[in-house]
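Here's the structure, in structure tokens; my notes come after.
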Amino acid sequence: MKTTLFFKSLASTFIIALLVTFTLTAQENYSEFSGKVVDGKTNKTLEAVSLNVNETNVSTITNSEGEFVLKVLNEYLDSKVVVSFLGYNTRVIPLSELSKENNKIELFKAVTELSEVNISAFKDAESLVRKVFDKKSKNHQDESVYMTAFYRETIKRRNKSVSLTEAVVNILKYPNRSSVRDAISLNKARKSTDYKRLDTVSVKLQGGPFSAIFLDIMKYPEYIFTDATINSYNYSFDSPSNVNNRNVYVVNFSPKNNALNYSYNGKLFIDVESLALVSADYALDLSNKSRSKNLLVKKKPSNVIVYPLEANYKVNYKEKEGKWYYSYSNLFLKFKVNKKREIFNKVYSLSSEMAVTDWEINSTDRKIKSKDKLRPSVIITDAISGFSDPDFWGKYNLIEPDKSIESAIEKIKKNIEKQKEKEERTANGNP
């Protein structure tokens, strides 16, 4: 059932003057730094690189073109930013050395050497994976945490964007040992959707922030590894890697047979010192078409069949004071839509990502009101409306928009405006 849920959320001049003053004060309360992160040898841009303000929980990540925007409260301007990426040496840069824009940060691949003694400490790769889950209460989040995160969801038909959604969400994350599901509420949100293209076959995709949060396999291991299913996979050691200047084991896994309803292929990245899960990168096994059809949709007409073509997932954790916390996840779903009596199939894709940009221990037992909670079954494009001016995001750290996404937003807005103009002419009796 849980697995299905996973696939399947001023009137006077005086007042105006006060508001303007407040806005300017708010804008002056933080500083903004932008640029890109590249491979120091090849100059290739690096995606999903983490930038964290040292000794704070403020962070952001780079987009698919390696670009970032980092917003820092002025009280932290004497701090340093920690730039880290799996497989690369971490860099620590004083904020005072960064320009306001056009920064270019180079990272270099780490050379990782693990002795045979390190690897032979475990009977096999499976025993290491079991140890990771046995030690999760010690290594991973064991208290209630209140997080601020940025969520983005893009739906495309073929290569053309038809829906873009962005939101700042609040997450009340309960301890990993707790059976209480995490709570999520929308803080700020905007969307732009070309419904004419999206609703051609009236297919509603299962997306939303819960799809991203359920990738936290330390909190929700039942979606991939349980005591009953962990031995249904083959495990093997891959070449070791490095994250935050710490060595990590790399373990490959793949299903032994087709006994499971849903199985995966992928890699686990495990901290050598603590045996905490640092990252997981995996994909749904879609070899059985009859078993996977209609899997990725929430709603569809009876005369439509949806076949998944790709389903890829990633989750990252970040360490602070010996504990590892959920920090980032993304998913990419691609599928083919077959409709009866139509010659051509339609191919859609959904990509979503969520990055934690700030968090704090929930020492005051902070709650999210029931009326504000998103439902796990939410279709995020149905949950919000309107496309607001980007200035309203203020001090919140976001994932810098891709250039392709920016152009898609403009195109969608123009298409919507044209459609409205056409509807108005029709309503007024004009052709």
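Things to note:
- With the convex hull drawn over the C-alpha atoms of region 101-188, the volume per residue is 263 Å³.
- Rg to Rh quotient for region 230-338, alpha carbon positions, Kirkwood Rh: 1.07
- Cα-derived Rg over Rh, computed across region 64-115 with Rh taken as Kirkwood radius: 1.04
- FRET E, pair E417, N258, Förster distance 56 Å, beta-carbon r, rounded to 0.05: 0.65
- Among the listed pairs K136/K173; K256/K318; K36/K100; K188/K336; K36/K156, those beyond 21 Å (Cα-Cα): K256/K318; K188/K336; K36/K156
- In this structure, the pairs whose alpha-carbon distance is over 29 Å, taken from K289/K403; K323/K395; K44/K346; K346/K414; K71/K323; K80/K371, are K289/K403; K44/K346; K80/K371.
Values quoted throughout were computed directly from the atomic coordinates according to the rules given, and no laboratory measurement underlies them. Everything quoted here is computed from the prediction, not taken from an experiment. Heads up, the Cβs are rebuilt from the backbone with ideal geometry, glycines too, and the neighbour counts pull from every protein chain shown.
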